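A.B. asks: I am attaching a structure below and will ask some questions about it afterwards.
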Amino acid sequence: IFVSLKDFINLGLASPLLNALAKQGYKKPTPIQIQAIPPALEGKEILGTAQTGTGKTAAFTLPILQQLLPVLKDKNKRPIRVLILTPTRELALQIHDSITHYGSQMEVFHTVIFGGVGQKPQTDALRRGVDIITATPGRLLDLMNQGHVNLSRLEHFVLDEADRMLDMGFIHDVKKIFSKIPSKRQTLLFSATMPKEVLSLSNFLLNNPIRISVAPVSSTAEKVDQKVFFVDQKSKRLLLKSLLNDDKSAIHAALVFTRTKHGANRVVKDLTKNNITAQAIHGNKSQNARQNALDNFKKRITRVLVATDIAARGIDIDDLSHVINYDIPNIPETYVHRIGRTGRAGNSGIAWSFVDIEEHKYLYDIQKLIKIEIEIDKNHEFQALPNVEMGKRVQKPKRNNSNEKRFKKNKPKKAQSQKKHHEKKSHNISGLEKNISGKENDTSYWGSDSSGSGGAFTKPKN
Ligand code: AMP
């Protein structure tokens, strides 16, 4: 029965896991899985460079589940043996779902712990006894301090998205949690990027780890059909509406990014007014509201999900056809990160970016990073084309150009300082992402290429 799973069998996985993978319809392990599973099954420690979308959740979950198999026969209340720490609630929920799938053929108990919701269901689950917890650091520490979580029998510790964890200021929480777990355990650390802060954390947490990494994913950009639309900030909403109403573009589901929470709310309001179903997902929304927005979008109840970068972290949406940058990001890596959400799993993706004259410098930086000159759509009716050599930094607007008045208006000192203020503010908002490569979701991993070689990856060194 497992013929089609022979590559997973070769990695050393046992039948409860193979059955679960068959149910998921997986055919081939991804590069990160090929590298991580065999050593992790042996109990080795791992320092992995991999982004969401590479299959890294299975890479650490499968070997841990397999190592739990012998203890699952114990019908008594079992201690917490596995802790998976992640920076965001969305990611925690996603990993929790993955454990449900990968562990579907075994009697494993697991729960998810994060803030922003009542703690009762979480403490109830803990009281009943769980083998695995997936948690964000803040609430976990809270529950530990209240005596609800005992990690003294922990055997496996996973730190996921370590770079984001540090960017989000969780380092002290992580260290506090870490001080409460046994020194004899298996630790697996994954990070999208390896800045020196993550390396020093890994020196602190890991013992002689095997280093693995999957190819950088800036090539994602090549697989996504990208376009920019030069448009005045104030006309962006009209452009969005017209694109969504255009039958030719046939947009079934679009993830729209705005720079601010406020902006996200405004877009939703405007679309709703125009009978286009939309919901927002951002930091000011409760966990329930965010989950509800995400579920509705996944079920295609809403056509448009409007998100800020921070809120969109870690959300996994399959089959996303369109990413629309309502505001093009001011950090180039964020662009790669955003458009990596489309064109997953071998599907072709479309990424459109609305660029106001003030945002040209961001476009310039993005093109420099991805080494692609993004095609300019000149067929829309809200053109705000400056007089530039395409794709280069904007110098001056064209005479008689409709932007001229606006440009002049923006020239005085006051407007300049406003702009600075705006930049500073938006930098703070996205500043959390400064160390993130954004090289997410290389679809080549399980694209049509059946050679199994997938993306380039380095052999584990030991
Ligand atoms: P992750 O990087 O763990 O967030 O995984 C990204 C997506 O890839 C998830 O939707 C997984 O269900 C899917 N996935 C993981 N491993 C495989 C595989 N070997 N074959 C096909 N899909 C996979």
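A.B. asks: With Cβ to Cβ distances under 9 Å as the rule, what net charge do the other residues near GLY129 carry (K, R +1; D, E -1)?
C.D. replies: Residues near GLY129 contribute +3 overall.
A.B. asks: Can you give the extra length, in nm with one decimal, that the chain gains between ILE376 and SER179 once fully stretched, where that is 0.36 nm per residue apart less the Cα-Cα distance?
C.D. replies: 65.6 nm
A.B. asks: At a 10 angstrom cut-off on C-beta neighbours, averaged per residue, how do the peptides 43-54, 62-73 rank from highest to lowest?
C.D. replies: In decreasing order of mean packing, 43-54, 62-73 become 43-54, 62-73.
A.B. asks: Probe radius 1.4 Å, ligands and nucleic acids ignored: give me the carbon and sulfur share of the accessible area of the range 16-134 as a rounded percent. Display every interim value, and only then the final one.
C.D. replies: On the way: 2170 of 4110 Å².
After summing per-atom areas, the C and S share lands at 53 percent.
A.B. asks: When Lys and Arg each count +1 and Asp and Glu each count -1, what net charge do the other residues less than 9 Å away from PHE257, Cβ to Cβ, add up to?
C.D. replies: It works out to a net charge of 0.
A.B. asks: What is the calculated FRET efficiency for ASP225 to ILE9, with r their C-beta to C-beta distance and R₀ = 45 Å, to the nearest 0.05?
C.D. replies: On the way: r = 38 Å, r/R0 = 0.83.
Taking R0 as 45 Å, the efficiency between ASP225 and ILE9 is 0.75.
A.B. asks: What does the charge dipole of the range 111-198 about its Cα centre add up to, to the nearest 20 debye, if the Cβ of each Lys and Arg holds +1 and the Cβ of each Asp and Glu holds -1? Write down the numbers at each step before the final one.
C.D. replies: On the way: 12 positive and 10 negative charges, 79 e Å.
Roughly 380 debye for the range 111-198.
A.B. asks: May I pose another question? Could you list the GluC sites (Glu not before Pro) in the range 72-180 that lie in coil according to DSSP, counting only those with at most 14 other Cβ atoms within 10 Å of their Cβ?
C.D. replies: Details: sites: GLU90, GLU107, GLU155, GLU161; in loops: GLU107, GLU155, GLU161.
Counting only loop positions with at most 14 other Cβ atoms within 10 Å, the GluC sites (Glu not before Pro) in the range 72-180 are GLU107.
A.B. asks: Using a cut-off of 13 Å between beta-carbons, work out the net charge of the residues near GLU45 (Lys and Arg +1, Asp and Glu -1, GLU45 not included). Mind dumping the intermediate values first?
C.D. replies: Numbers: positive: LYS44, LYS184, ARG185, ARG211; negative: GLU42, GLU155.
That works out to +2.
A.B. asks: Compare the peptides 115-126, 351-362 by average per-residue count of other Cβ atoms within 10 angstrom and give them in order, highest first. Before the final figure, lay out each step's value.
C.D. replies: On the way: 115-126: 14.5, 351-362: 22.1.
Highest mean packing first, the order is 351-362, 115-126.
A.B. asks: With the dipole of the range 45-94 worked out from charges on the C-beta (+1 for Lys and Arg, -1 for Asp and Glu) around the Cα centre, which of LEU62, ILE46, LEU72 lies farthest toward the positive end?
C.D. replies: LEU72
A.B. asks: Further, regarding this structure: Quick check for you: with a 1.4 Å probe and neighbouring chains kept, what is the accessible area per residue of the range 235-288, in Å²?
C.D. replies: The answer is 49 Å² per residue.
A.B. asks: If packing is taken as the average number of other Cβ atoms within 10 Å across a peptide's residues, how do 180-188, 144-152 rank, most packed first?
C.D. replies: In decreasing order of mean packing, 180-188, 144-152 become 180-188, 144-152.
A.B. asks: Can I ask one more? Relative to the Cα centre, what is the charge dipole magnitude of the range 61-141, using +1 at the beta carbon of each Lys and Arg, -1 at the beta carbon of each Asp and Glu, and rounding to the nearest 20 debye?
C.D. replies: Dipole of the range 61-141, to the nearest 20 debye: 320 debye.
A.B. asks: How much length, in nm to one decimal, is gained on full extension between PHE109 and ALA289, taken as 0.36 nm per residue of separation minus their Cα-Cα distance?
C.D. replies: 62.1 nm
A.B. asks: Could you compute the FRET efficiency for LYS368 and ASN275, with r as their C-beta to C-beta distance and R0 at 60 Å, rounded to 0.05?
C.D. replies: 0.90
A.B. asks: What size of dipole, in debye to the nearest 20, comes out for the range 233-313 about its Cα centre when the only charges are +1 on Lys and Arg C-beta atoms and -1 on Asp and Glu C-beta atoms?
C.D. replies: 180
A.B. asks: So what is the relative contact order of the range 86-243, in percent, for Cα pairs below 8 Å that sit 6 or more residues apart?
C.D. replies: On the way: 154 pairs, mean separation 30.7, N = 158.
RCO, the range 86-243: 19 percent.
The values are calculated or read from the model by the stated rules, or taken from the named source; none is laboratory data. Computed from a prediction, not measured in an experiment: that's the story for all the values here. Cβ: placed from backbone, ideal geometry, glycine included. Neighbour counts: every protein chain shown. Calculation scope for accessible area: heavy atoms of the full protein, side chains included, ligands and nucleic acids excluded. Shrake-Rupley method; radii C 1.70, N 1.55, O 1.52, S 1.80 Å.
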